[in-house]
1. Can you list residues from other chains, or at least 5 along the same chain, whose modelled amide H is less than 5 Å from the amide H of C288?
2. Can you show me the helix-derived [θ] at 222 nm for the chain, built from DSSP H runs with n ≥ 4 at -39,500 (n - 2.57) apiece and divided by the number of residues, rounded to the nearest 500.
3. Quick check for region 147-286: number of Lys pairs with alpha-carbon distance under 19 Å, counting only pairs 8 or more apart or on different chains?
4. What does the charge add up to near I66, with Lys and Arg as +1, Asp and Glu as -1, over the other residues with Cβ less than 15 Å from its Cβ?
5. Counting only heavy atoms of the protein chains, get the accessible area per residue of region 194-329 (1.4 Å probe) and round it to a whole Å² value.
6. Given a 1.4 angstrom probe, I'd like the percentage of the accessible area of the chain that is carbon and sulfur, rounded to a whole number.
7. At a temperature of 25 °C and a viscosity of 0.890 mPa s, determine how fast the chain diffuses translationally according to Stokes-Einstein, using the Kirkwood radius over alpha-carbon pairs as Rh; express D in µm²/s, rounded to the nearest whole number.
8. Could you work out how far helix 140-149 tilts from the main Cα principal axis of the chain, as a 0 to 90 degree angle to the nearest 10?
Amino acid sequence: MKRRSFFKLGAVAGAVSVLKPINGAQILGSSFEGKSEGPIVLSTWIHGLEANRAAWKVLEKGGKAIDAVEQGVKVTESDLTNRSVGIGGRPDRDGHVTLDACIMDEQSRCGSVAFLEGIIHPISVARAVMEKTQHIMLVGEGAKQFALDLGFKTAKTPLPEVKKEWQDWKKENKDLFKKPEINHENHDTIGMIAMDSNGDFSGACTTSGWAYKMHGRVGDSPIIGAGLFVDNEVGAATATGLGEAIVRIAGSHTVVELMRQGYTPTDACKEAVKRIISKHKDLTNLQCCFLAIDKKGNYGAYSVYSGFNFALKTNSEDKMVDSEFDRNW
Ligand code: SD4
């Protein structure tokens, strides 16, 4: 498997076309399965580039993966222009920006928050749940009170421009049970997985979730095993896309267990995607994507539809990579 990944990388690297630089990084015009010899950090979507660089500041000094992933995704949570992560995110149908996040370390310790409003760094609240409480998940008012007690910074949400967009949307969308449209615009998240120089894994996942979701809806992102899973003996996986579908197959846990059985990261992600496809009659707009890394530093991704890409940072690389996929969008 190791050899296959390595050769595949070599072959594709030769054939690949560099499209254009975004934020100073290369965008590769083809997908591949790759391998890193040293520390590595991977994260979902284009915002992952900046996030990876913050994570890398921790990893390059020999720091721990858990600190790297927290520092990394905090960059995305702080970005007020990001409409799918943190306090710049789009609200639910009732106008509330409700945030979901989770974190998991190399000892399989984990923490999570969901349906959290007005706190700038949900990922750090999730970490505090992991480190300071006997629990794994806090939601809603309880999560908020916990964050306030610890002195976490607050913000008023939605941001004025986001509120305006939601008000316009609401005028056009009066049917409560109408399925909100899912597309690249209203549906992103940052899931980040990292291996440090000690060979230890951690991951973090944070989102404002499905734009204009029902009030009270929680997706896969704060659910350990769905949006994120780490097992230090095997590797780590994270997910993005339609949370409801990812939860149905305990997606990230499934990917890690498949890697335990010997699947490469790409093949494990592909198998999870195939399972999602087999369980849904209607695949309209049902985008789901998995990203994984194994103990040997092999990494890969797979999505239902084209269009998913991930950011990769190692000692020698800092770029976006297109995921393999089942079908065209
Ligand atoms: C959710 N999985 O709330 C998240 C959203 C997402 O790409 O990842 N979108 O369902």
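1. Hits under the 5 Å cutoff: L242, V304, Y305.
2. Roughly -9500 deg cm²/dmol at 222 nm, from the helical runs in the chain.
3. For region 147-286, the number of qualifying lysine pairs is 19.
4. With Lys, Arg at +1 and Asp, Glu at -1, the neighbours total -1.
5. Accessible surface, normalised per residue, equals 32 Å².
6. C and S fraction of accessible area: 51 percent.
7. For these conditions, the coefficient is 127 µm²/s.
8. With rounding to tens, the tilt is 80 degrees.
The values are calculated or read from the model by the stated rules, or taken from the named source; none is laboratory data. The structure displayed is predicted, hence computed values, not measured ones. Here the Cβ is made from the backbone with ideal geometry for all residues, glycine too, and neighbour counts use every protein chain on show. Ligands, DNA and RNA are excluded from the accessible area calculation, which covers all protein heavy atoms including side chains. Shrake-Rupley method; radii C 1.70, N 1.55, O 1.52, S 1.80 Å.
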